[in-house]
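Chemist: Can you keep this structure in mind? I'll have questions shortly.
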Amino acid sequence: KGKFVPRSECKIDVGDPAFMLGDAVFDMTRCFNGKPFRLRDHLKRLFRSIDAALMEPPMSMEELEELTLELVRRNEPLRPAGEEFHITHLVPRAQTPRGAARAKSDLIITMRNIPFDAYAKYYIKGVHLVPVSVRSYPPDTVDPKMKHISRMNFCLAKQEASVIDPEGFPLLQDHYGNITESISCNLFFVKDGVVRTPPDRAILQGTSRAIVMELAANLGIDVREEDVQMYDAYGADEAFITGTSPCIMPVSRINTRPLPGPIPGPITQRLLAAYSELAGVDIQDQAISYAKAKGAL
């Protein structure tokens, strides 16, 4: 505790409530050119999750930011050429005797290389979204805006989608038939030049989602946060997903039905180009080049 150690030496008690009950919150940040991208935005979301989980922060946001940057500095000499780091902040609840005052939460920060070869192909062929019967958590149970590790519904959704397509990305809905999100990513649908995305009532407030909405505003692209149903998804001209590591990836099929037009679509391509300019890295080319070098494409 309180030490920098190799990832291979990290250990956790099998009886720990975070392990047994999922009593922890987390967040993830990626790097571009070895530098954390929008780290403060991710830490703000982490602290919102800590508050929502009725936990006490392990330290101030400024202290956590500096600790994270120090971990990145220590790992930078180990970063292979062409690779990038992915940072995870995990905050398990501090365990105190019953009736005792809440203590500061524990903290684990880990780093790993981004597995570009696992998803680079989707920039080329697009993602297949597969609707599943598993529903998103309703906000009156466990609010999806809190990034917690109690994610059995995501695990079941992934397994169900894999029956249709082993590479399929599950498309979740709420209990009223409104599209919510996929696992680890937010969803956007384009029709007649207008981009629609589910409101944050029952989804994670994705940092990449917010960035895309900022970029769209700068480009004059109309983005609307409103309820989206499968009817709308099937009629979309194009669609894309957003997530921390891939940033933006195009969708090519929904429930085995191909979307019309090229992959990626014109609006998706504009947003991906703008995201790359913001990050200072050609996001699509970086992932594809790495995958080709590894023989994955």
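Chemist: Among the candidates Gly295, Gly243, which residue alone is open to solvent by 10 Å² or more (accessible area, probe 1.4 Å), under 27 Å from Ile164 (Cα atoms) and not β-branched (Val, Ile, Thr)?
Modeler: Values: Gly243 fails: open to solvent by 10 Å² or more (accessible area, probe 1.4 Å).
It is Gly295.
Chemist: Select, from Ser208, Ser245, Ser184, the only residue that is under 24 Å from Lys125 (Cα atoms) and at pLDDT below 95. Spell out the reasoning first.
Modeler: Values: Ser208 fails: at pLDDT below 95; Ser245 fails: at pLDDT below 95.
Only one candidate passes the filter, namely Ser184.
Matching residues to (1) open to solvent by less than 40 Å² (accessible area, probe 1.4 Å); (2) under 26 Å from Phe240 (Cβ atoms); (3) modelled with pLDDT of 95 or more:
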site: Glu62; (1), (2), (3): no, no, yes
site: Glu65; (1), (2), (3): no, no, yes
site: Thr68; (1), (2), (3): yes, no, yes
site: Leu78; (1), (2), (3): no, no, no
site: His89; (1), (2), (3): yes, no, yes
site: Ala100; (1), (2), (3): no, no, no
site: Thr110; (1), (2), (3): yes, no, yes
site: Ile114; (1), (2), (3): yes, yes, yes
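Chemist: Can you tell me which residue within segment 121-144, out of those that are at pLDDT 95 or above and charged (D, E, K, R), is least open to solvent (accessible area, probe 1.4 Å)?
Modeler: Lys121
Chemist: If the requirement is being assigned to a loop (DSSP other than H, G, I, E, B) and surrounded by 20 or more Cβ atoms within 10 Å (Cβ to Cβ), which of these qualifies: Ile211, Ile203? Reasoning before the result, please.
Modeler: Working: Ile211 fails: assigned to a loop (DSSP other than H, G, I, E, B).
From the options Ile211, Ile203, the qualifying one is Ile203.
Chemist: Can I ask one more? Being open to solvent by less than 60 Å² (accessible area, probe 1.4 Å), among the hydroxyl-bearing types (Ser, Thr, Tyr) and either over 18 Å from Met111 (Cβ atoms) or not in a strand (DSSP E or B) (or both) is the requirement here; does Ser49 meet it?
Modeler: On the way: open to solvent by less than 60 Å² (accessible area, probe 1.4 Å): yes; among the hydroxyl-bearing types (Ser, Thr, Tyr): yes; either over 18 Å from Met111 (Cβ atoms) or not in a strand (DSSP E or B) (or both): yes.
Answer is yes for this residue.
Chemist: Any residue in segment 89-102 that's closer than 16 Å to Leu46 by Cβ and assigned to a loop (DSSP other than H, G, I, E, B): show its pairings with residues that are open to solvent by 70 Å² or more (accessible area, probe 1.4 Å) and modelled with pLDDT of 85 or more at Cβ separation under 7 Å, as long as the two are six or more apart or on different chains.
Modeler: Cβ pairs passing all conditions: Ala94/Lys104.
The values are calculated or read from the model by the stated rules, or taken from the named source; none is laboratory data. As the structure is a computational prediction, the values presented were derived from the model and not from experiment. Neighbour counts run over all protein chains shown; Cβ positions are idealised from the backbone, glycine included. All accessible areas refer to the heavy atoms of the entire protein, side chains included, with ligands and DNA or RNA removed. Shrake-Rupley method; radii C 1.70, N 1.55, O 1.52, S 1.80 Å.
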